[in-house]
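Structure record follows, encoded as structure tokens.
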Amino acid sequence: MGLKKGVEMGLVGPNHKVVVDSTSHQLKFAGFQQMYFEDSFPEDYEIRPREELKNSPIALEASAESIASYLGLKKKKR
């Protein structure tokens, strides 16, 4: 919800990279999410993910430095 609100408020633009911590969602719906990324839903679901909207997860080391590096963030000068 926070990311959606940030986009609505103009704080997050279309070219921004963001990190969404969705651990609980991942655990609850891992099977559904896997079907989404692999486009392997049973016909009864009537779901066909659009390739241009897929936002596959990217594995990163669990550290602030790793995430900052991936996002291209630099330390602020004081």
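The values are calculated or read from the model by the stated rules, or taken from the named source; none is laboratory data. What you are looking at is a predicted structure, and each value in this text was computed from that prediction instead of being measured. All Cβ positions, glycine included, derive from the backbone under ideal geometry; neighbour counts span all protein chains shown.
Scanning segment 56-73 for residues that are surrounded by 10 or more Cβ atoms within 10 Å (Cβ to Cβ) and of a type in the set (S, T, N, Q) turns up S66, S69.
For segment 5-56, filtered to residues that are at pLDDT below 80 and not in a loop (DSSP other than H, G, I, E, B), the residue that is nearest to K74 (Cα to Cα) is T23.
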